[in-house]
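See structure below.
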Amino acid sequence: MAVDASRGGERGAGSSAKSAREALLEAATLLFGEAGPAAVSTRQIAKAADVNSGLIHRHFRTKDALLKEVLERLAREISESAKEAVDEAPELLRFFDATYERALYWRLLARCILDGKDLSEIQTEFPTVERIVETLGRLQGDGAIRDDIEPKVLTGVLLAMGLGWLVFEPFLLAATGLDERDSKEVRRDARLAGVRLLARSD
């Protein structure tokens, strides 16, 4: 599964180091997402990227360092996709949309956790989560949402709901009988239900 077999095995003189690095990141992202980091070797990544396996050590040193960069790059992409929000309610909904648009990141993260990876060692940047905490804190300060639960806890609950739905959607649809409805409509209703849980009770 070469990312671009036309670029040559080493991507050396005729190709920039940046292109080799990008090819390795792209290949690792696909392979890690498909099989999980534990099941993928550096040789497989290099073969998929169509580069010499020694370039992984040159650019990333270790497979875990490569995995860390893959996760942080995907996390930044999610944050960027939610960046254009203008007002408050659509901003939170955009976060949910970004989650589903970048499902690969969350599935890869789940695989890492199931593989027993120490998350503190493979990811240190959480821009989307930080923005959700910040947004909820601002909304609480404005009196727009419930303020009896701290923003970090609310963020954790919303993420648990959203990610649980993302990972277990086929089961949830079948178990509740919602599989008879259009999955996109159900997903829309689920995200709205999540946001409405934030409403003030008074």
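The values are calculated or read from the model by the stated rules, or taken from the named source; none is laboratory data. The structure presented is a predicted model; accordingly, all values stated were derived computationally and were not measured. All Cβ positions, even for glycine, are placed from backbone atoms using ideal geometry, and neighbour counts span all protein chains on display.
Restricting attention to segment 29-40, does a residue exist that is modelled with pLDDT of 85 or more, at positive phi and either among the hydrophobic types (A, V, I, L, M, F, W, C) or surrounded by 15 or more Cβ atoms within 10 Å (Cβ to Cβ) (or both)?
yes
Could you look through segment 69-110, keep only residues that are of a type in the set (K, R) and more than 12 Å from the chain's Cα centre (by Cα), and pick out the one that is modelled with the highest pLDDT?
Checked segment 69-110; the qualifying residue modelled with the highest pLDDT is R94.
Residues in segment 31-81 that are touching a helix residue (DSSP H, G or I) at 6+ places or on another chain (Cβ under 6 Å), closer than 30 Å to R131 by Cβ and hydroxyl-bearing (S, T, Y): how many?
Of the residues in segment 31-81, 2 are touching a helix residue (DSSP H, G or I) at 6+ places or on another chain (Cβ under 6 Å), closer than 30 Å to R131 by Cβ and hydroxyl-bearing (S, T, Y).
Condition first: part of a loop (DSSP other than H, G, I, E, B) and modelled with pLDDT of 70 or more. Can you find one or more residues in segment 12-28 that meet it?
Looking through segment 12-28, none of the residues is part of a loop (DSSP other than H, G, I, E, B) and modelled with pLDDT of 70 or more.
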